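Worksheet: the structure to be examined is printed underneath.
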Amino acid sequence: MAEGPDIARIASLIGDPARANMLLALMSGRALTATELATAAGITAQTASSHLSKLEAGGLIRQRSQGRHRYFSYADETVGAMIESLICFAASRGHLRHRTGPREPALRKARICYDHLAGDYGVRMLDSLRADGAVAGDEDHPILTDTGERRLAAFGIDVGALKASRRPLCRACLDWSERRVHLAGTVGKALLDHLIETGQARRLPESRIIEFTPEGERRFILSFPLPE
């Protein structure tokens, strides 16, 4: 095709195993150094530098300097959504790099997806918000309702600040483990931030796992009940 978006370039950037591992490492939502990304990819620092330059030139990542270190993260949330969708597609076709162990059930239960809650609990949260009218719209286009604004305000979330952001309030993100959507956008981020800031849950170090305290899990289940 002579004109139009160059999807082959993006595919080639993601398709390299080392670069794919780097992009997967950034799904934690944390900005990582070149050394950390090299470790995640299993390559040398010099090789990592070349890969990072290509990813940055392709608009997939950005870097920020702090002191003597450079930190890399996704260019924006659409990159995280694309990677999560690819993860889901690969899983649905049986293309899995399977490692058995205790981490897998925890990842499927609750994990961070760029900056919002994913896994069984992420899907549960969206199902609950839809059930009580806090979120409307079809599956692919969630919309925060007036009821939803009141629910967020009850959690202490500043809805006005969310609306002022250039990011969408609500966005559907396909969940690779549940094969259904969970809630992204500024609302999804704000709800995960609320869970962490109130001590109901925490992010495990060097992991995408979101771990709930016993009391936090009890409160989560009460706050986001499922319809009978």
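If I compute solvent accessible area with a 1.4 Å probe over the protein chains, what percent of it on region 1-123 is carbon and sulfur? Percent of accessible area from carbon and sulfur atoms in region 1-123: 55. Using the average count of surrounding beta-carbon atoms within 10 Å as a protection proxy, the listed peptides 161-171, 192-202 rank, highest first, as 192-202, 161-171. Shape analysis of region 149-228 places it in the rounded category; the axes a ≥ b ≥ c from the Cα gyration tensor give an a/c below 1.5. Of all lysines in the structure, those lying under 27 Å Cα to Cα from residue 109, and not within fewer than 8 positions of it along the same chain, are 189.
Based on the Cβ-Cβ distance from residue 163 to residue 104, what FRET efficiency comes out when R0 is 35 Å, to the nearest 0.05? Please list the in-between numbers first.
Values: r = 38 Å, r/R0 = 1.07.
About 0.40, to the nearest 0.05.
Net charge dipole, the chain: roughly 680 debye, given to the nearest 20, about the Cα centre with Cβ charges of +1 for Lys and Arg and -1 for Asp and Glu.
Assuming a ≥ b ≥ c are the square roots of the Cα gyration tensor eigenvalues, decide whether region 56-164 counts as rounded (a/c under 1.5), prolate (otherwise, with a/b larger than b/c) or oblate. Oblate, since a/c reaches 1.5 and b/c is not below a/b.
Once a ≥ b ≥ c are taken as the square roots of the eigenvalues of the Cα gyration tensor of region 1-109, is the result rounded (a/c under 1.5), prolate (a/b larger than b/c) or oblate (a/b not larger than b/c)? Judged from the Cα gyration tensor, region 1-109 comes out oblate (a/c at least 1.5, b/c at or above a/b). Taking the centroid of alpha carbons for each part, region 144-217 and region 29-105 are 22 Å apart.
Enter the accessible area per residue of the chain (Å², integer; probe 1.4 Å; all protein chains in place).
Values: 12400 Å² over 228 residues.
Accessible area per residue, the chain: 54 Å².
Packing, as the average of other Cβ atoms within 10 Å across residues, places the peptides 64-70, 113-119, 217-223 in the order 113-119, 217-223, 64-70, highest first.
Per residue, the average separation of C-alpha pairs within less than 8 Å and at least 6 apart gives the chain a relative contact order of 17 percent. Here the sum of -39500 (n - 2.57) over DSSP H runs of 4 or more residues, divided by the residues of the chain, equals -14500 deg cm²/dmol at 222 nm, to the nearest 500.
The values are calculated or read from the model by the stated rules, or taken from the named source; none is laboratory data. Treat the numbers as computed from the prediction; the structure is a model and nothing was measured. Here Cβ is always computed from backbone atoms with ideal geometry, including for glycine, and neighbour counts include all displayed protein chains. Remember, those area values only see protein heavy atoms, side chains included, never the ligands or the DNA or RNA. Shrake-Rupley method; radii C 1.70, N 1.55, O 1.52, S 1.80 Å.
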